[in-house]
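Below: the structure, in structure tokens.
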Ligand code: BGC
């Protein structure tokens, strides 16, 4: 079954039909730049463009959002326009696209994809998927089930919101080398480990492509730490999974 997935990020909005049997995008993805300011209306229009690039949508559409999403309503907006707070975003996006849209947190989507098709496949203990980018996103699983909307990127670490110190944005903005950044990430993971005792951390986000540069430098973490496998497409695949799970089953 092919379902459409859209990943709404701070810099780009990208989407593709997803082959849910393989956990892969079924066609080359299409991306538009995230409008500035990224108001709900402007983003909804961009999502419509991404979906319509592939023709009129036939089935369900899933979309990720970089904040807390409860029952289709976006509750927080750490790194996007504050107009999203309290917005019935599923309704807004569905209206723009013309079919129902299932919305979920971006890290939760990436986590679902990694647990089903990627680095967390078959793991039944506590697994924490962390995405490093503009912010730090988290997805917590136990027995393969997701606890949605955990916001572990905002844990306080040495008096700071952790993502302001250990995200890849912090690395870029402060010009940190791999060694200095890995120290911060290690301290952060050790803190999360102290709270949750996971058996596995899966490290996602664009930086997972450069895992060999920093995973060997992490100190103070006893859980296994591995890079995400789906990398750039995890959000799109996870969004499509959520849409498929939410779609009513139609008898043949
Ligand atoms: C948000 C999370 C999001 C993460 C990654 C954080 O700032 O609060 O909801 O998953 O960034 O985008």
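Values quoted throughout were computed directly from the atomic coordinates according to the rules given, and no laboratory measurement underlies them. Quick caveat: nothing in here was measured; it's all calculated off a predicted structure. Here the Cβ is made from the backbone with ideal geometry for all residues, glycine too, and neighbour counts use every protein chain on show.
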Backbone N under 11 Å from the residue 210 label point (7 Å along Cα→Cβ), restricted to segment 173-191: 173, 175-179, 181-182
Relative contact order, percent, the chain [alpha-carbon distance under 8 Å, six or more residues apart]: 22
Segment 1-80: Cα Rg divided by the 2.2 N^0.38 Å rule of thumb: 1.09
Among 137, 59, 204, residue whose mean-square fluctuation peaks in a GNM of the chain (springs only between Cα atoms under 10 Å): 59
Rule-of-thumb Rg ratio for segment 46-156 [Cα; 2.2 N^0.38 Å; N residues]: 1.12
Highest-MSF residue in the chain out of 208, 138, 11 [GNM, Cα springs under 10 Å]: 11
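Using the 10 angstrom Cβ neighbour count as an exposure proxy, how do 108, 161, 179 rank, fewest first?
Details: 108 29, 161 16, 179 10.
Lowest to highest Cβ neighbour count: 179, 161, 108.
For the chain, what class follows from the C-alpha gyration tensor (a ≥ b ≥ c being the square roots of its eigenvalues): rounded when a/c is under 1.5, otherwise prolate if a/b is larger than b/c, else oblate? Write out the running numbers ahead of the final one.
Numbers: a/c = 1.86, a/b = 1.47, b/c = 1.26.
Verdict is prolate for the chain.
What ranking do 68, 127 get, fewest neighbouring Cβ atoms within 10 angstrom at the top? Don't jump to the answer; show the numbers that get you there.
On the way: 68 18, 127 26.
With the fewest neighbours first, 68, 127 line up as 68, 127.
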Rounded to 10°, Cα long-axis angle of helix 106-117 versus longest principal axis of the chain: 90
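Tell me the mean residue ellipticity at 222 nm calculated for the chain from its helices only (DSSP H runs of n ≥ 4, each -39500 (n - 2.57), averaged over every residue, nearest 500).
Details: 8 runs with 82 residues, N = 252.
After summing the helix terms and dividing by the residues of the chain, the value is -9500 deg cm²/dmol.
What is the Cα convex hull volume of segment 119-228 when expressed per residue in Å³?
Enclosed volume per residue, from the Cα hull, is 90 Å³.
Rounded to two decimals, what is Rg over Rh for segment 123-186 when you use alpha-carbon atoms and the Kirkwood radius?
Working: Rg = 13.0 Å, Rh = 12.5 Å.
Rg/Rh for segment 123-186 comes to 1.04.
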Ranked list, fewest to most other Cβ atoms within 10 Å of each Cβ, for 201, 30: 30, 201
